[in-house]
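**Q** I'd like to ask you about the structure that follows.
The values are calculated or read from the model by the stated rules, or taken from the named source; none is laboratory data. Nothing here was measured: the structure is a model prediction, and the numbers come from that model. When we count neighbours, we look across all protein chains shown, and the Cβ atoms used for this are built from the backbone with ideal geometry, even at glycine.
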Amino acid sequence: MSEEQQRSGRERPSTAADRRGRRAAASSAGSTGTPGKGRATPVRDGRQTKVSAPNRLARFLREVVAELRKVIWPTRNQMVTYTIVVLVFVSFMVALVAGLDFVFGQAIGAVFGP
């Protein structure tokens, strides 16, 4: 045990699961008296209240805006680079497919005649 652990009187948890377990037990034990249980499980027997369509739409839009704020948008230089990469790749694929189409067309013409 380190000197700091001896002074605090607590042993450091060795795993993340131990740390989560201690925090959950410590925080919930004071509130309900039952270790590991923070609050009662909600009842799901059909007694849930219906939320109106405008409220659902408003909540959906708020969540969309919140998610869009989390997005890391590319800079102008990154966008130019990505666009060039995509155009080069698409051009290569078009040329490849056109070349294969020509080669297979010639092979079919040679086998079955013009």
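**Q** Please work out if ASP101 is acidic (Asp, Glu) and either at pLDDT below 95 or at positive phi (or both). Please lay out each step first, then the result.
**A** Numbers: acidic (Asp, Glu): yes; either at pLDDT below 95 or at positive phi (or both): no.
No.
**Q** Among (1) surrounded by 10 or more Cβ atoms within 10 Å (Cβ to Cβ); (2) in a helix (DSSP H, G or I); (3) modelled with pLDDT under 95, there is one condition LEU61 misses while meeting the rest; what is its number?
**A** Every listed condition holds for LEU61 apart from (3).
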